[in-house]
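To keep things clear, I will list the structure first and then write my remarks on it.
The values are calculated or read from the model by the stated rules, or taken from the named source; none is laboratory data. What you see is a predicted model, and the numbers here were worked out from it, not measured in a lab. Positions of Cβ are generated from backbone atoms using ideal geometry, with glycine treated the same way; all protein chains shown enter the neighbour counts.
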């Protein structure tokens with residue numbers, strides 16, 4: 001897939017502007033401790049940044065502008081933002097719901113692309129638009145029922161969880177590093193969504209959907225095995241955006257073919273898409289795939 005020249009220029013300018021305006025202050029030394037290498041993100045400053053927020057060493061103000069955070073959860077450019085804004089053009093929601101969505105988009109004071117560039121109603125982080133577009137797609141296509149339960153593997157700061165809570169009144173159990181789950185809990189509390197989080201020690205009963213945007217394919221095979229057994233094997237259905245083509249070898253994780261085969265070994269009906277409306281332009285460029293399964 002070849003990119004148009006003006007798309008490349010737009011995204012390059014966005015990267016340079018964000019690098020110039022980001023918050024680059026280091027994580028306080030008392031929080032800069034070692035973590036076990038179980039995922040790509042555990043090797044980065046991301047979990048320690050979440051720890052700084054959860055322990056109130058940092059405030060949410062400009063949290064999503066910090067370099068250690070942007071490296072993980074603010075990775076999209078203008079072209080992706082425009083793409084996901086187009087997906088959302090026919091979404092019609094009441095003003096109160098839109099207000100809640102905008103609160104999530106604003107939380108953490110991310111660097112925001114101008115509305116006229118991304119074709120959206122307000123200046124917005126492209127990543128926020130991806131969260132909203134994914135939650136809208138999950139609801140519209142029946143992957144999540146109203147009031148349904150979700151196990152989300154890898155949650156970032158909780159943007160997708162919040163959008164699913166708002167659009168589908170979903171109840172969500174977060175599976176991630178302890179520092180990250182604490183960050184998500186704080187964000188959800190500040191936005192009045194705490195009741196939508198399923199506590200870590202609560203057993204999920206009945207049907208539930210597993211969601212993982214990138215995180216599962218950034219885990220070691222050993223940890224993937226644990227998640228297959230504990231969460232995926234007993235799920236009703238699930239969707240996964242996999243970047244295994246980029247990271248599987250680095251972290252000794254499964255490639256896409258092996259992930260699909262593992263799901264089929266559990267008896268799921270599995271589909272793997274190299275191109276799909278929910279995959280943004282950068283996904284296609286990087287060789288990311290959408291993997292879905294149903295019992």
In region 135-160, residue surrounded by the most Cβ atoms within 10 Å (Cβ to Cβ) [restricted to those that are out of contact with any helix residue (DSSP H, G or I) (no Cβ under 6 Å at 6 or more places or on another chain) and part of a helix (DSSP H, G or I)]: 138
Of the candidates 12, 82, 4, 48, the one satisfying the condition of being touching a helix residue (DSSP H, G or I) at 6+ places or on another chain (Cβ under 6 Å), over 23 Å from residue 158 (Cβ atoms) and either buried (at least 16 other Cβ atoms within 10 Å of the Cβ) or modelled with pLDDT under 95 (or both) is 82
Criterion first (closer than 22 Å to residue 189 by Cα and modelled with pLDDT under 95) does residue 135 satisfy it? no
